[in-house]
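Heads up, the thing below is written out as structure tokens.
The values are calculated or read from the model by the stated rules, or taken from the named source; none is laboratory data. Since we're looking at a predicted model, the values are computed, not measured. Here the Cβ is made from the backbone with ideal geometry for all residues, glycine too, and neighbour counts use every protein chain on show. Only protein heavy atoms, including side chains, enter the accessible area calculation; ligands, DNA and RNA are left aside. Shrake-Rupley method; radii C 1.70, N 1.55, O 1.52, S 1.80 Å.
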Amino acid sequence: MSPGTLAAAHRAAGGAVRAVDLVLSGEASNAFVATRPPGHHAERETTMGFCLFGNVAVAAKYALDHHGLKRVAVVDFDVHHGNGTQDLLEDEPRAFFASSHQYPLWPGTGAAHETGPHDTILNVPLPPRSGGTVFRREYEDKVFPRVRAFKPDLILVSAGFDAHRDDPLADLMLETDDFAWVTERLCDLADELCGGKLVSCLEGGYNLYALAESVAAHVDVLIARGAA
Ligand SMILES: [Zn+2]
């Protein structure tokens, strides 16, 4: 942390909230928040894993309480479990949270049996070296059907790119194409369920070359789909 960290953390959470405003007002069809610090490890009473505030969870609560949405879904494809988002949203029956992550891996949570008091939490643990084929199958079999059944009015994405094969912090072995694929499929779901309304926020990614390439692939899909 540095003297500028608190201001940056406020802007990170505020950026997610602003993106919700823009998408729900129709000013933007979707949005990507290129933000630091990330947020999905920040719990109610503790910062964790470079995260100070739960940016995406704050945005989800904001969409529910300030825009009057009935339901929001959050999908987290960062390679680490979104323990903070789970902690912040598991008591909120209007929010569904799905996290795919390498397991076992730090922070150690995110087992499949963690489903929350309202059964609105879906954890999809993936073994090390799963690769894109397993990743895609697990999304098709588990994540997308649950999002569809929840009928959200907005889809929020915790877009971490540390599942990339070149990332030094994990070993899930995804390719850049896998991130483009999951983005396309999430846009398909948003089109089907909520008029394409989707807000994506940056989470992890620690090989800066792989991160840049993966974010570009992700944003290219959002731009193409948003303009369609
Ligand atoms: Zn991560």
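For region 10-227, give the magnitude of the charge dipole about the Cα centre (Cβ charges: +1 Lys/Arg, -1 Asp/Glu; no others), in debye to the nearest 20.
With only Lys, Arg, Asp and Glu charged at Cβ, the dipole is about 420 debye.
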field: Helix-only CD estimate at 222 nm, as mean residue ellipticity for the chain, using -39500 (n - 2.57) per DSSP H run (n ≥ 4)
entry: -13000 deg cm²/dmol
- request: For the chain, give the share of DSSP beta bridges that are antiparallel, in percent and rounded to the nearest 5; count only bridges with both residues there.
  value: 5 percent
query: Based on DSSP H assignment, which helices of the chain show an axial Cα extent of at least 18 Å together with a mean Kyte-Doolittle hydropathy greater than or equal to 1.0?
result: 208-227
task: Report the residue, chosen from D65, D87, D177, that carries the largest GNM mean-square fluctuation when the chain is represented by alpha-carbon nodes joined by springs under 10 Å.
output: D65
field: Sequence-separation-based contact order of the chain, relative, with Cα cut under 8 Å and 6+ spacing, percent
entry: 22 percent
query: Considering only protein heavy atoms, what is the solvent-accessible area of V182 at a probe of 1.4 Å, reported in Å² to the nearest 10?
result: 0 Å²
- prompt: Cβ under 12 Å from H118's Cβ, H118 left aside: what net charge do those residues give with Lys, Arg +1 and Asp, Glu -1?
  reply: -2
query: Ordering R136, R18 by how much accessible area each has at a 1.4 Å probe, largest first, what is the list?
result: R18, R136
- request: Using a 10 angstrom cutoff on alpha carbons, build the Gaussian network for the chain and name the most mobile of G68, G54, G14.
  value: G68
query: Can you give the Kirkwood hydrodynamic radius for region 4-128, in Å, rounded to one decimal and based on Cα pairs?
result: 14.7 Å
message: Given bins 10 angstrom wide, list per bin the percent of all Cα-Cα distances in region 10-227, short to long.
response: 9, 40, 41, 10, 0
query: Tell me, what % of the accessible area of the chain is carbon and sulfur with a 1.4 angstrom probe?
result: 55 percent
Per residue solvent-accessible surface (Å²) - the chain, probe of 1.4 Å: 42 Å²
